[in-house]
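Values quoted throughout were computed directly from the atomic coordinates according to the rules given, and no laboratory measurement underlies them. Keep in mind that what you see is a predicted model, and the values were worked out from it rather than measured. Counting neighbours? That spans all protein chains shown, and the Cβs are built from the backbone with ideal geometry, glycine included.
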Amino acid sequence: MRAIYKNKKLFLLVIFVITGLLSAISVVSSQADENLSDKEIIKRFNKIFYYSYAWRKDNPKWLGVPSLQNPCDNWVIQEIICEVKPDFIVETGTFMGGTALFYATVLEKVNKNGKIITVDIKPQVEEAAKVDIFRERVEVIKGDSVSPEVINAIAKKVKGHKTLVVLDSCHEKEHVLKELKMYSNFVSLNSYIVVQDTHIDGRPTLPGFGPGPMEAVEEFLKTTKDFKIDYDREKFLLTFCPSGFLKRIK
Ligand SMILES: C[S@@+](CC[C@H](N)C(=O)[O-])C[C@H]1O[C@@H](n2cnc3c(N)ncnc32)[C@H](O)[C@@H]1O
C-alpha cells in the first residue's frame, strides 16, 4: 500500500515537472516568434506557401487550366494589365497555358484587340486550347525564347504596339539576363517587364539553386537607366517576384 502511495507521489511529481518544462518551452518559443521581424515572417511564409504547392502537386488553376503562379502575383499583374491596357502581352514559359489564358481573360475586358504571345520550348496547351478565348487571343510560339527566330518573329508582331512582358521560362541567370536584354526592347514606356521567381536560390525558396532571376535583374539594372524596380507592386507582401516588377521609365 505504502509502495503504491509512494509511486503515485512520484508519478505526480514527474507530471508536474514535465508540465512546467513544457510551459517554459512554449513561453520561450512564443517570445522568439514575437522577436521575428515582419520581413522574416513574410520570408518564412513565402517558403511554406511555395513548398505547399510542390508537396500537393496541386497548382492554382484559371478556368480549370494550371497556372504556375502565386495568385497574389497574378492579381498584381491583372492590375498592371488594367492600367497599361497593352496591345500585346508577351510571356516566356507557357507550360500548360493557364497563365496566358488568365491574361487573355483580363485583357479582353480592357483592350478588345489585345493579344497574348507566349513562347515555350515545349508548350503543353491541349487543355487551354479547349477554351474559346485562348484560341481567339493567344498565339503560342514553340521555340527557345532567346533564339533569333523567336525574337525576330515577336519583334515584327509587337513593333509600334503597347507591350507588356512577363519572363517565366528557364530560371538560370544567364538565360534570364539574355531574355531581359532582348525582351526589354519590346516594353513600352510606363509598361513593365516582370521577372518571375526572383525568390529562388534561397530568397527564401530553393536554396542552392544557383544564380537565377534575381542575379539577372541585378546585373541588368547595372546596364540601363530605362527601368526601375517598382516595389509598390509587392503590395500583398507575399510575392514570388521580389524586385521583379521592372517598370520602363524612359
Ligand atoms: C515555370 S514553367 C512556366 C509556367 C507558366 N508561365 C505558368 O505560369 O503556368 C517554365 C516553362 O519554361 C519552358 N522553358 C524552359 N526553357 C525554355 C527556353 N529556353 N525557351 C522557352 N521556354 C523554355 C519550360 O518548357 C516550361 O514549360
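Inspection of the stretch 67-84 identifies no residue that is farther than 27 Å from Asn46 by Cβ, within 12 Å of the ligand (Cβ to nearest atom) and not in a loop (DSSP other than H, G, I, E, B).
Only one entry in Val194, Val217, Val176 is assigned to a strand (DSSP E or B) and either farther than 23 Å from Cys72 by Cβ or not small (Gly, Ala, Ser) (or both), namely Val194. Of the residues making up the stretch 150-160, at least one is touching a helix residue (DSSP H, G or I) at 6+ places or on another chain (Cβ under 9 Å) and small (Gly, Ala, Ser).
The number of residues in the stretch 90-118 that are among the β-branched types (Val, Ile, Thr) and either part of a loop (DSSP other than H, G, I, E, B) or touching a Lys or Arg at 6+ places or on another chain (Cβ under 8 Å) (or both) comes to 4. The set of residues in the stretch 116-130 that are surrounded by 20 or more Cβ atoms within 10 Å (Cβ to Cβ) and touching a helix residue (DSSP H, G or I) at 6+ places or on another chain (Cβ under 8 Å) comprises Ile116, Ile117, Thr118, Val119, Val125, Ala128.
The set of residues in the stretch 179-210 that are buried (at least 18 other Cβ atoms within 10 Å of the Cβ) and either more than 17 Å from Ile89 (Cβ to Cβ) or acidic (Asp, Glu) (or both) comprises Glu179, Asp197, Thr198, His199, Ile200, Asp201, Arg203, Pro204, Thr205, Leu206. Of Gly114, Gly143, all but one fail to be more than 26 Å from Pro71 (Cβ to Cβ) and either more than 11 Å from the ligand (Cβ to nearest atom) or out of contact with any Phe, Trp or Tyr (no Cβ under 6 Å at 6 or more places or on another chain) (or both); the exception is Gly143.
Considering (1) of a type outside the set (A, V, I, L, M, F, W, C); (2) away from the ligand (no atom under 12 Å from the Cβ); (3) in a loop (DSSP other than H, G, I, E, B); (4) without any contact (Cβ under 8 Å) to a residue 40 or more places away in the chain, the lone condition that Asn152 does not fulfil carries the number (3). Filtering the stretch 117-139 to residues that are of a type outside the set (Ser, Thr, Tyr) and within 11 Å of the ligand (Cβ to nearest atom) leaves Val119, Asp120, Ile121, Lys122, Pro123, Gln124, Val125, Ala128.
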